[in-house]
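Please read the structure below before turning to the comments.
None of the figures in this text is laboratory data; all of them are computed from the coordinates on show. What you see is a predicted model; the values in this text were computed from it and never measured. We place every Cβ from the backbone using ideal geometry, glycine too, and count neighbours over all the protein chains shown.
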């Protein structure tokens, strides 16, 4: 809810909204990719969700708004309501859950995606190459999106979580100011089962790995700048604590990063030396070079081998054929270590030492 301050009384009063998007309009807004093709906005859902299908028909001939996969391969049913979420909304989602939970692995993709072959490649680019297609949808979960929620919905969510079904409610508030439409989102309820999400901390030291990292803009001058300055970027809202900061601060010293540009391929690789040097550039900083600003989250990297131009990149299709590594569809995606090592050798041989370029 948004409030304004009444100047005379210094009290808060709620701001009414004359704009109330319909369910299909809300669905189209949520489908707009924030970080790569077919990834639902991480800043809304709190995690990157790979879209499998929208308006998918169930065995009972009903249609679920959105069906996605989370980072662990769990099926995620996302149900949207333009008004309040009351008793009955969640039972409708449970009917979908009962249908979708019957499908596993490649069968899940064949049943619910329009292009199963493409969906499989997208899934590998979402999970990283350590994920197996056969493990898709071993567990399913529910996310409800509505203006508000009745307490009965939360009560059922408590019961579902006790039975091992993760249940989340996200509320939204539409606002129109001067002809411009705004939407705000907040988590109203979230009971998730253990092991559903990747841990944010561990009692043991995280071992360095190999990661794809999308440089965001497939632009020649931008790539040359990143090489010269020894940086990798992240975008999102360019604000403290957003997904861009979380992505760059998850890296540890020794992580090896393969730079990727959409439409070009792998541009080289480097090593993270000191993750503590991460910074969010202020607007107008000398390193804030993208046209119109943006991608101001930065992390220093020591480049080991880099392409002289985007046209010299190792194409994603060649990498898939030779190493069975799929291109990333998120900003950062882990690679299988053995195959990743082979790719690094290939890039070093192709581009030579970064000091020589």
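Assorted remarks:
- Mean separation of Cα contacts under 8 Å (6+ apart) over length of the chain, as relative contact order %: 15
- For the chain, DSSP calls about 70 percent of its internal beta bridges antiparallel.
- Tensor-based shape of the range 210-356 (alpha-carbon gyration tensor, a/c under 1.5 rounded, otherwise prolate or oblate): prolate
- Estimated FRET transfer efficiency when R0 is 51 angstrom, pair residue 317-residue 192 (beta carbons, to 0.05): 0.90
- According to the calculation over all Cα-Cα pairs in the range 119-159, the P(r) per 5 Å bin from zero is 5, 15, 20, 13, 10, 9, 17, 10, 1 %.
- If you take the Cα centroid of the range 286-357 and the Cα centroid of the range 96-156, the two points sit 30 Å apart.
- Principal-axis tilt of helix 89-100 within the chain, Cα atoms, nearest 10 degrees: 50
- Under the simplified labelling scheme, the residue 308-residue 253 pair shows an inter-label distance of 3.5 nm, with each label point 7 Å from Cα along Cα→Cβ.
- Extension gain, residue 92 to residue 207, is 37.1 nm, computed as 0.36 nm per intervening residue step minus the present C-alpha separation.
- Full-extension gain in nm, residue 274 to residue 83, via 0.36 nm per residue minus C-alpha separation: 64.0 nm
- Antiparallel content of DSSP bridges confined to the range 15-191, in %, to 5: 65
- Overall form of the chain per C-alpha gyration tensor (a/c, 1.5; a/b vs b/c): oblate
- Counting only alpha carbon atoms, the long axis of helix 116-127 and the longest principal axis of the chain meet at about 80°.
- Cβ crowding within 10 Å averaged over residues, with 313-325, 70-82 ranked highest first: 70-82, 313-325
- With contributions of -39500 (n - 2.57) from each DSSP H run of at least four residues, the per-residue ellipticity at 222 nm computed over the chain stands at -8000 deg cm²/dmol.
- Highest to lowest packing among 107-116, 41-50, scored as the average C-beta count within 10 Å: 41-50, 107-116
- Largest GNM mean-square fluctuation across 327, 297, 11, computed for the chain with C-alpha springs under 10 Å, falls on 11.
- P(r) for the range 15-191, from all Cα pairs and a bin width of 5 Å, is 1, 8, 18, 21, 21, 15, 9, 4, 2, 1, 0 %, short bins first.
- Most mobile listed residue (103, 182, 172) in the chain, GNM with C-alpha springs under 10 Å: 182
- Between residue 9 and residue 289, the modelled label-to-label distance comes to 5.5 nm, taking each label 7 Å out from Cα in the direction of the beta carbon.
- Given their separation in residues at 0.36 nm each and the Cα-Cα distance between them, residue 349 and residue 150 gain 65.6 nm when the chain is fully extended.
- With respect to the chain, whose longest principal axis is taken over its alpha-carbon atoms, helix 220-229 is tilted by about 70°.
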